[in-house]
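*Asks:* Structure below; questions to follow.
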Amino acid sequence: MRVLLLQLDGKLPNLALMRIAAHHAGDEVVLRRGGERELWDQEWDRVYASAIFEKTRPAVERVRREYSNAIIGGTGVDPAIDLSWYGITTRAVDYSIYPDFPHSIGFTQRGCRLKCPFCVVPRKEGAVRQDQTIWEIWRGDPWPRNVILLDNDFFGQPQWRYRIQELREGNFRVCFTQGINARFLNDETAEAISSVRYFNSDFTDRRLFTAWDNRKDEHRLFAGLEALKRHGVSPNDVIVYMLIGYWDGETHEDREYRRRRLREFGAVPYPMPFVRTPELVAYQRWCIQHFDKFVPWEEWSRARYEPRRVRPAATFPLLEVLQ
């Protein structure tokens, strides 16, 4: 049987597609990503596609047109659908479809303690429950001890202390790629984070991720950030995702307040537009490319959000370097 797997979005390896590949062990399995031109060039006995984001819907519709019998899933299609709907129950994963990926990836827990209205995790995964241990996620020798955790609420699981102990004793490097909920951090959990080797998903830089979705959470968020700092985590290691364009009545001043507070603390603000309007996307770019450090928003707006239209670089010394 010839099997085509389509990863329509997402940069990291797709665990669902890796499980499908393991299910089809012995068949000819080919993975293609959404941007590859030859997606639709031949016939296949079975086609599976995965979409994480709603913005990928146009690609989903094209898959449906090209392959009428394709099995399509993922959060961007229907959070309620999982592989068991199609008789795929194996927990094994096949890394061979990602031959250039040397790390290990998986979940130590599923679900979340919270029910944020903009998040699909509670609807998709339900209450917090344990999944795999660090040792079960790691691929084993000769692969590096680099573990990417997809957990949505690492410290929400009662067994988190055991997982931290495994990371320490196994000398693992870890990426908490979905973020740590800083609003719930205390001295114990902050010390636990500082005691492990945390990195970004490429394992090139020290990095932690958290979020500030609602200005009302300011006190709890900064209490958690201060706890991290107290236990030796550099604020510059922390990227804080800022949900923007979601709350009724949100203003530019609301966004600016959060951005300034994070910059003053030393953390890295990363705006995430809920609706991708030109203004909100421009605001995101202004922050993540660090233009906000030396180009006022008014000037950025006047230049129609284009660096080359900003007044002469001599006015803003770093602009010439970043262009």
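*Asks:* Rounded to the nearest 5, what is the percent of antiparallel bridges among the DSSP beta bridges in the chain?
*Replies:* Counting only bridges with both partners in the chain, antiparallel ones make up about 5 percent.
*Asks:* P(r) tail for the chain, what percent of Cα pairs lie past 34 Å?
*Replies:* Of the Cα pairs, 32 percent sit more than 34 Å apart.
*Asks:* What does the extension gain come out to for LEU15 and ARG197, with contour length at 0.36 nm per residue minus their alpha carbon separation?
*Replies:* That pair, LEU15 and ARG197, stretches by 63.2 nm at full extension.
*Asks:* If R₀ is 56 angstrom, what is the calculated FRET efficiency for the pair GLU188 and MET1, using the beta carbon separation as r and rounding to 0.05?
*Replies:* The computed FRET efficiency comes out at 0.65.
*Asks:* May I pose another question? What are the residues whose amide H is under 5 Å from the amide H of VAL238, where those residues sit 5 or more places off or on another chain and H is modelled from the backbone?
*Replies:* LEU208, VAL268
*Asks:* Nothing charged except the Cβ atoms of Lys and Arg (+1) and of Asp and Glu (-1): what's the magnitude of the dipole of the stretch 2-86 about its Cα centre? Round to the nearest 20 debye.
*Replies:* Taking the Cα centre of the stretch 2-86 as origin, the dipole is about 220 debye.
*Asks:* How much length would be gained if the chain were fully extended between ASP217 and GLN130, taking 0.36 nm per residue of separation minus their Cα-Cα distance, in nm to one decimal?
*Replies:* Computed gain between ASP217 and GLN130 is 28.6 nm.
*Asks:* Treating only the Cβ of Lys, Arg, Asp and Glu as charged (+1, +1, -1, -1), what charge dipole size does the stretch 102-288 show about its Cα centre? Round to the nearest 20 debye.
*Replies:* It comes to approximately 60 debye.
*Asks:* Also, I was wondering about something else. Once both labels are modelled 7 Å past Cα along the beta-carbon direction, what's the TYR86-TRP143 spacing in nm?
*Replies:* 2.2 nm
*Asks:* Placing unit charges on C-beta atoms (Lys and Arg positive, Asp and Glu negative, everything else neutral), compute the dipole magnitude of the chain about its Cα centre in debye, rounded to 20.
*Replies:* Charge dipole, the chain, about its Cα centre: 520 debye, nearest 20.
*Asks:* For an R0 of 25 angstrom, estimate the FRET efficiency from the Cβ-Cβ distance between GLU169 and ARG206 and round to the nearest 0.05.
*Replies:* 0.75
*Asks:* If you build the convex hull over the alpha carbons only and average its shadow over all orientations, what do you get for the stretch 2-86? Give it in nm² to one decimal.
*Replies:* Spelled out: convex hull of the Cα atoms, projected over all directions, averaged, 5.2 nm².
Computed from the coordinates by the stated procedures, all read-outs in this text should not be read as laboratory data. Here the structure is a predicted model, which is why all the values come from computation and not from measurement. Cβ sites come from the backbone with ideal geometry, for glycine too, and all protein chains shown count toward neighbours.
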